[in-house]
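The values are calculated or read from the model by the stated rules, or taken from the named source; none is laboratory data. Nothing here was measured: the structure is a model prediction, and the numbers come from that model. As a convention, Cβ positions derive from the backbone with ideal geometry for all residues, glycine included, and neighbour counts pool all protein chains shown. All accessible areas refer to the heavy atoms of the entire protein, side chains included, with ligands and DNA or RNA removed. Shrake-Rupley method; radii C 1.70, N 1.55, O 1.52, S 1.80 Å.
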Amino acid sequence: MFIHNVNPSIKAITIILSVLLLALVFDPITPFLFIIWIWFLTIGVAKINWKKYLLYFSPFLIFAVGMFWSNLIFANEPINPNAAITLFGRDFPTEDVNTALSLSLRILSFASLSLLFLLTTNIVHFILSLMQQCKFPPKLAYGILAGYRFSPMIKDELFLIRSAHRVRGVNRAKTLKEGFNQYKRFAVPLLASSIRKAERTAIAMESKGFTGSRDRTFYRQFTVTTKDWIFLLGMVAVLLILIIMSWQLGYFKWYNGEL
Amino acid sequence: MKNWRLKEVIVMATLSVVFGVIYLAFLPIGGVLVGFMGPIGYEPIFGIWFIVSIIAAYIIRKPGAAFISETIAATIEFMLGNALGPILMLVGMIQGIGAEAVFAATRWKIYSLWVLMLAGMGSAVTSFIWGMFQNGYITFAPNYILAMFVIRLISGALIAGLIGKVLSDAVAKTGVLSSFALGKEYKKRKKAA
Amino acid sequence: MSIPRIRVSQLKLFYEDDQKQPILDELNFELKDHENLLILGPSGCGKSTLTHCLNGLYPRELDGAMQGDISINGVSANNFASGELSLQVGVVFQDPETQFCMLTVADEVAFGLENKGIATTEMDVRIHEALGLVNMTAYKERVISTLSGGQKQKLALACILALEPEILVLDEPTANLDPKAAKEFIQTLDQLQQKKQFSLIVIEHQLDGWVSLIKRSIMMNTNGQIFFDGILHDGINQHRDRLEKLGIWIPRATKIALAIEKQGAYFFNTLPLTINELASYPISYNGLDKKKTVKADKRLLLKARDISWSKRNTSIIKQTNIDLYHGQFVAVLGANGSGKSSLSKLLAGIQKPSRGTIHLDDRPMKNWKEKDLRKKIGYVFQNPEHQFIADSVFDEVAFSLRLQEYSEREINNRVEKILNQCQLTGFDDYHPYTLSQGQKRRLSVATMIVDDQSLLILDEPTFGQDAHSTKQLLHLLVERYNQGTSIVMITHDMDIVHHYADRVLVMEKGHIVLDTTPEQLWNYPVGKLNQWQLELPKEVELKQLQQKDVGYVHT
């Protein structure tokens, strides 16, 4: 349960750092190896059920595929147009195929990273930790939590409004304008009721003595310990090692050129 | 955060939830669009990402409303399970800066349709610059990049700016905004009429 | 003399947009230590505004002006730092859905403790204790959204109790609860007063349930003025006519007593507030005039056979049969979660049964076009706002007429007629959202009767409404009923069932377990009724009490 127990803020910073580093990479090997590493952590170490994982992961495959082919077709002028690979019965410059592959793998590596975070972190704890470790203002933190609490209610309400409007005889929209009006008719009651809910909640919270001051105690306390730093440094180190490895093997590429 | 009322913050958060829920309903369509059309398929609906900041700024009318609300919206979006994860908070801030810059240029005084549309385009600009970096769009052909950018600008202006304004005005008519800047303005106008 | 817990003097409050009409007008009152006070007033008398003044939210968050002074324990409210006053005056609000910001019960109770700066190590004990006071210790780790409305209100109470305030203000705490949960909440409060010492203010627009707990009452009118401050019993006695006019729910027993007076059968020197009190008077009572005229119309309107429905793999409605006839007034009863709403939506064709068939006018429901179906069946949702789609009251009612392409003149005529019937004349240009609760409810009914629908289904239409709007709504329904519309109404209000329904369906766990007349239903043993979470209408209770007495005398 090591990954579950890493301080949520540190975990988030780790993910963000990794994303920033990965965004500098334009070869397919580095993100590919990194994805394998993250999968190992998620399924092997954090013991996330792989069936569940696949369910969350699969939508990104569509994005990745879209990225791949459009990057192939709409790529910038290649520097070395002679080397070619044949795909789907057409010749493409090797360079372009590599870049396209890299970018779609990049999407998948981002997805694996955020899933690693989402599947091992209690989201409320993350917000609480932001407040305790990252000086996030309490007014924002508790305001966000109060709003987040409404999400199931708002989902139910959207469903109710839909059927309530059907009873009124609202037809299925045929033109774009009708479509927009219908969207507006759904959105307005939803927005109006959520604004009222928000106001009432604010009053209730202030009635419990909430002022937004940082001077408060915490029921759930989050701390940063050595293990959290080990996680952060370890993750960044692995990514750097992967980058160095593919550099040594001659794969690593910055944008528009090799290192 | 001193001059922010708690209820303003919670309103921004619940608005984010509403659009998050509506947005999630659209997401499968977005996925299919990207699958078939590549990243450009996503651009026409990209403006929905900025709508919360436009609505919040238009309703609350305080310096920082666009920036803070977009940060909140991104955080909520990520809590609701959006797959970009923690990086989304950073993205939200970047988008928020674009819109906030436009409102700042009017010294947070003008909230006409044009300003709202420009603010939507402001978010489009900053978010696009980030997208170039994050998704490596820079490797695409210049024409393709330009097309993406123009579509995103239009989407920012129309979906965030125009629709944001129309929805806010419709909500103001219900009277629930009576303690917010937009609701007060609406009451004044009604009295004058 | 000791310092009063609360002293309100010359309190006057205006909202920004209306400088002439004060919301609260020259309020003066005191609350002593350990005193219980009931502030009674109709909706819109400024009760909630007063709550906000008492716990320090106003004037800080007020867009308007506040004059006069409120002092807590002898210290003027102005001298408290923000947040400090709230810790001395704890408030439980009306809406159970909007009082929390955390996801779990323990975190929510902790939230207040954190604000107060209680040490982390002390919190668990305090949380445990507070939950214990409202009998909810077992729910400590639960997610709040899985609790029932009644449990949420008790949790809200626990959150406040954890802060150990000296004064507790409850702002219509039971208005959004069903009768059983409301009763439980008041019982919890009653037990609490024996364990803990605090002063209590209950702000309400209805009296049932509170009578035994609270002796003193302040009564307010729609202009935000106090017109009575004294013993509750005396207040009701003195202002018996005024209260009803204001739309305050007086106790049902008192209502019956008033009706008896009106019949000239007896005059009460002090009006009874409970049924037991009323039964002790030497009155012979034969029931009030019933508004219903039973019509023997046996034409079948709707026939459901073997219908089942499930949601997310849980079966909600199980193999149910119903025949609905023209000209019936049907009440659908049962505990929360017994499937009443789901059944009503199936009957209205809003949801399709997963199995079984429904016939409307001998034609299978699935062969009806949506458009034609809506002209036959109207459905009034619990929250009227969900059904509003237009920007004005007129357009709201005209909407379906316009879809049918009537001439503008015809539309005008029909809309005006319906608005008149629903007592909404003169509100044509109002935005539906800006109407009062009662008006909203009647408008939602208006949109559902504009096509002369032959079946009108309503989901708890009187829930949370004040006495006045309830009366108006029922009047409207009876009028439709007399014109031949069949009415199917989900309700928890047994007095309404008793007076208006000619047929009752009792639901339990997705089945209709009983299909009979109200008169027969009241003859069921109390144990059975309790199991279905039904209670006797007050009139029936009175009759049974009297019969018991008579029986006692004879033996």
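Would you confirm, using the coordinates I've provided, whether C:Leu207 is in contact (Cβ under 8 Å) with a residue 60 or more places away in the chain, buried (at least 21 other Cβ atoms within 10 Å of the Cβ), of a type outside the set (Asp, Glu) and outside the structural domain of C:Ser48 (by TED's automatic domain parsing)? Walk me through it before giving the result.
Working: in contact (Cβ under 8 Å) with a residue 60 or more places away in the chain: yes; buried (at least 21 other Cβ atoms within 10 Å of the Cβ): yes; of a type outside the set (Asp, Glu): yes; outside the structural domain of C:Ser48 (by TED's automatic domain parsing): no.
Judged against the criteria, C:Leu207 is not a match.
How many residues are without any contact (Cβ under 8 Å) to a residue 24 or more places away in the chain and assigned to a loop (DSSP other than H, G, I, E, B) when one looks only at region C:143-191?
Residues that pass the stated criteria total 1.
Answer yes or no: is there a residue in region A:169-185 that is touching a His at 6+ places or on another chain (Cβ under 7 Å), part of a helix (DSSP H, G or I) and either within 28 Å of C:Val143 (Cβ to Cβ) or of a type in the set (Gly, Ala, Ser) (or both).
Taking region A:169-185 as the starting set, the residues that turn out to be touching a His at 6+ places or on another chain (Cβ under 7 Å) are A:185.
Still in the running and part of a helix (DSSP H, G or I): A:185.
Within this subset, residues satisfying the condition of being either within 28 Å of C:Val143 (Cβ to Cβ) or of a type in the set (Gly, Ala, Ser) (or both) are none.
Within region A:169-185, not a single residue is touching a His at 6+ places or on another chain (Cβ under 7 Å), part of a helix (DSSP H, G or I) and either within 28 Å of C:Val143 (Cβ to Cβ) or of a type in the set (Gly, Ala, Ser) (or both).
Kindly provide the set of residues from region A:105-120 that are open to solvent by less than 30 Å² (accessible area, probe 1.4 Å) and facing another protein chain (nearest Cβ under 9 Å), ordered by number.
Within region A:105-120, A:Arg106, A:Phe110, A:Ala111, A:Leu113, A:Ser114, A:Leu115, A:Leu116, A:Phe117 meet the criteria.
Among B:Phe67, B:Phe46, B:Phe103, which is open to solvent by 40 Å² or more (accessible area, probe 1.4 Å) and either part of a helix (DSSP H, G or I) or at pLDDT below 90 (or both)? Spell out the reasoning first.
On the way: B:Phe46 fails: open to solvent by 40 Å² or more (accessible area, probe 1.4 Å); B:Phe103 fails: open to solvent by 40 Å² or more (accessible area, probe 1.4 Å).
Sole residue among the options that is open to solvent by 40 Å² or more (accessible area, probe 1.4 Å) and either part of a helix (DSSP H, G or I) or at pLDDT below 90 (or both): B:Phe67.
Mind checking which residues of region C:166-196 are buried (at least 21 other Cβ atoms within 10 Å of the Cβ) and more than 17 Å from the chain's Cα centre (by Cα)?
C:Ile167, C:Leu168, C:Val169, C:Leu189 - these are the residues of region C:166-196 that are buried (at least 21 other Cβ atoms within 10 Å of the Cβ) and more than 17 Å from the chain's Cα centre (by Cα).
Listed residues A:Ser194, A:Ser207; which is open to solvent by less than 10 Å² (accessible area, probe 1.4 Å), without any contact (Cβ under 8 Å) to a residue 60 or more places away in the chain and more than 8 Å from chain C (Cβ to nearest Cβ)? I'd like the intermediate steps shown before the answer.
Numbers: A:Ser207 fails: more than 8 Å from chain C (Cβ to nearest Cβ).
Matching residue, one of A:Ser194, A:Ser207: A:Ser194.
Anything in region C:131-147 that is of a type in the set (A, V, I, L, M, F, W, C) and within 12 Å of chain A (Cβ to nearest Cβ)? List them, or say none. Outline the logic, then answer.
From region C:131-147, those of a type in the set (A, V, I, L, M, F, W, C) are C:131, C:133-134, C:136, C:138, C:143-144, C:147; that's our starting set.
Passing the criteria: C:Val143, C:Ile144.
So which of C:Gly337, C:Gly378 ends up being surrounded by fewer than 20 Cβ atoms within 10 Å (Cβ to Cβ) and not charged (D, E, K, R)? Give the steps one after another, and end with the answer.
Values: C:Gly378 fails: surrounded by fewer than 20 Cβ atoms within 10 Å (Cβ to Cβ).
Unique residue meeting the criteria: C:Gly337.
Taking only pairs six or more apart or across chains, which ones have beta-carbon atoms under 8 Å, a first residue in region B:1-25 that is more than 7 Å from every other protein chain (Cβ to nearest Cβ) and open to solvent by 10 Å² or more (accessible area, probe 1.4 Å), and a second residue that is outside any helix (DSSP H, G or I) and basic (Lys, Arg)?
What qualifies is B:Asn3/B:Lys62; B:Glu8/B:Lys62.
Pick from C:Gln472, C:Gln531: which is polar (S, T, N, Q), open to solvent by 20 Å² or more (accessible area, probe 1.4 Å), farther than 17 Å from C:Val330 by Cα and touching a residue at least 40 places away in the same chain (Cβ under 8 Å)? Spell out how you get there, then give the answer.
Values: C:Gln531 fails: touching a residue at least 40 places away in the same chain (Cβ under 8 Å).
Result of the check over C:Gln472, C:Gln531: C:Gln472.
Check whether at least one residue in region C:93-116 is within 24 Å of C:Leu155 (Cα to Cα) and in contact with a Pro (Cβ under 8 Å, 6 or more places away or on another chain), and report yes or no.
Kept after step one, since they are within 24 Å of C:Leu155 (Cα to Cα), are these residues of region C:93-116: C:93-116.
Filter once more, keeping what is in contact with a Pro (Cβ under 8 Å, 6 or more places away or on another chain): C:93-94.
The answer is yes, given that some residue of region C:93-116 is within 24 Å of C:Leu155 (Cα to Cα) and in contact with a Pro (Cβ under 8 Å, 6 or more places away or on another chain).
Can you find, within region C:1-40, the residue that is least open to solvent (accessible area, probe 1.4 Å) among those that are within 19 Å of C:Ala77 (Cα to Cα) and of a type in the set (Phe, Trp, Tyr)?
So the residue we want is C:Phe29.
Within region B:70-87, which residues are open to solvent by less than 20 Å² (accessible area, probe 1.4 Å) and under 13 Å from B:Gly131 (Cβ atoms)?
Scanning region B:70-87 gives a single hit, B:Ile87.
Tally up the residues in region C:50-59 that are in contact (Cβ under 8 Å) with a residue 40 or more places away in the chain and either open to solvent by less than 20 Å² (accessible area, probe 1.4 Å) or among the basic types (Lys, Arg) (or both), please. Spell out the reasoning first.
Pass one, region C:50-59, residues in contact (Cβ under 8 Å) with a residue 40 or more places away in the chain: C:50-51, C:53-55, C:58.
Filter once more, keeping what is either open to solvent by less than 20 Å² (accessible area, probe 1.4 Å) or among the basic types (Lys, Arg) (or both): C:50-51, C:53-55.
Looking only at that region, the number is 5.
Out of A:Ala173, A:Ala141, A:Ala164, which single residue is on the phi < 0 side of the Ramachandran plot and at the interface with chain B (Cβ under 10 Å from one of its Cβ atoms)?
Details: A:Ala173 fails: at the interface with chain B (Cβ under 10 Å from one of its Cβ atoms); A:Ala164 fails: at the interface with chain B (Cβ under 10 Å from one of its Cβ atoms).
When all the criteria are applied, what remains is A:Ala141.
Determine whether C:Gln328 is in the same structural domain as C:Leu455 (by TED's automatic domain parsing), out of contact with any helix residue (DSSP H, G or I) (no Cβ under 6 Å at 6 or more places or on another chain) and within 24 Å of C:Val506 (Cβ to Cβ). Please lay out each step first, then the result.
On the way: in the same structural domain as C:Leu455 (by TED's automatic domain parsing): yes; out of contact with any helix residue (DSSP H, G or I) (no Cβ under 6 Å at 6 or more places or on another chain): yes; within 24 Å of C:Val506 (Cβ to Cβ): yes.
In short, yes.
Assess whether B:Ile159 counts as being over 23 Å from A:Gly66 (Cα atoms), surrounded by 24 or more Cβ atoms within 10 Å (Cβ to Cβ), of a type outside the set (Asp, Glu) and out of contact with any Asp or Glu (no Cβ under 8 Å at 6 or more places or on another chain).
On the way: over 23 Å from A:Gly66 (Cα atoms): yes; surrounded by 24 or more Cβ atoms within 10 Å (Cβ to Cβ): no; of a type outside the set (Asp, Glu): yes; out of contact with any Asp or Glu (no Cβ under 8 Å at 6 or more places or on another chain): yes.
No; evaluated as a whole, the condition is false for this residue.
Any residue at all in region A:77-90 that is closer than 18 Å to B:Tyr144 by Cα, at pLDDT 75 or above and not charged (D, E, K, R)?
No, region A:77-90 has no match at all.
So if I check each of C:Asp391, C:Asp428, which one is outside any helix (DSSP H, G or I), more than 14 Å from chain B (Cβ to nearest Cβ) and over 18 Å from C:Leu346 (Cα atoms)?
Going through C:Asp391, C:Asp428 in turn, the sole match is C:Asp428.
For every residue, the table says whether it meets (1) farther than 12 Å from A:Ser104 by Cα; (2) modelled with pLDDT under 90; (3) surrounded by fewer than 18 Cβ atoms within 10 Å (Cβ to Cβ).
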{"position": "A:Ile3", "(1), (2), (3)": "yes, yes, no"}
{"position": "A:Asn7", "(1), (2), (3)": "yes, no, no"}
{"position": "A:Ala12", "(1), (2), (3)": "yes, no, no"}
{"position": "A:Leu17", "(1), (2), (3)": "yes, no, yes"}
{"position": "A:Leu20", "(1), (2), (3)": "yes, no, yes"}
{"position": "A:Leu33", "(1), (2), (3)": "yes, no, no"}
{"position": "A:Leu55", "(1), (2), (3)": "yes, yes, yes"}
{"position": "A:Ser58", "(1), (2), (3)": "yes, yes, yes"}
{"position": "A:Ser70", "(1), (2), (3)": "no, yes, no"}
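Look through region C:60-117, keep the residues that are at the interface with another protein chain (Cβ under 7 Å from one of its Cβ atoms) and on the phi > 0 side of the Ramachandran plot, and return whichever of them is surrounded by the most Cβ atoms within 10 Å (Cβ to Cβ).
Selected residue: C:Gly83.
Would you check which residues across region C:246-281 are surrounded by fewer than 17 Cβ atoms within 10 Å (Cβ to Cβ), in contact (Cβ under 8 Å) with a residue 24 or more places away in the chain and not in a loop (DSSP other than H, G, I, E, B) and list them?
The answer is C:Ala259, C:Asn276.
Inside region C:309-334, can you point out the residues that are open to solvent by less than 60 Å² (accessible area, probe 1.4 Å), in contact (Cβ under 8 Å) with a residue 60 or more places away in the chain and touching a Lys or Arg at 6+ places or on another chain (Cβ under 8 Å)?
Within region C:309-334, C:Ile322, C:Leu324, C:Tyr325, C:His326, C:Gly327, C:Gln328, C:Phe329, C:Val330, C:Ala331, C:Val332, C:Leu333, C:Gly334 qualify.
Among the residues in region A:146-153, are any within 12 Å of chain B (Cβ to nearest Cβ), crowded, with 20+ Cβ neighbours inside 10 Å, among the hydroxyl-bearing types (Ser, Thr, Tyr) and within 21 Å of the chain's Cα centre (by Cα)?
As a first pass, look at region A:146-153 and keep what is within 12 Å of chain B (Cβ to nearest Cβ): A:146-153.
If we keep only those that are crowded, with 20+ Cβ neighbours inside 10 Å as well, we get A:146-151.
When the remaining residues are screened for being among the hydroxyl-bearing types (Ser, Thr, Tyr), the result is A:148, A:151.
Okay, now just the ones that are also within 21 Å of the chain's Cα centre (by Cα), so A:148, A:151.
Checked region A:146-153: at least one residue is within 12 Å of chain B (Cβ to nearest Cβ), crowded, with 20+ Cβ neighbours inside 10 Å, among the hydroxyl-bearing types (Ser, Thr, Tyr) and within 21 Å of the chain's Cα centre (by Cα).
Suppose the filter is open to solvent by 20 Å² or more (accessible area, probe 1.4 Å), within 16 Å of B:Met89 (Cα to Cα) and basic (Lys, Arg); does A:Lys135 pass it?
It is true that A:Lys135 is open to solvent by 20 Å² or more (accessible area, probe 1.4 Å), within 16 Å of B:Met89 (Cα to Cα) and basic (Lys, Arg).
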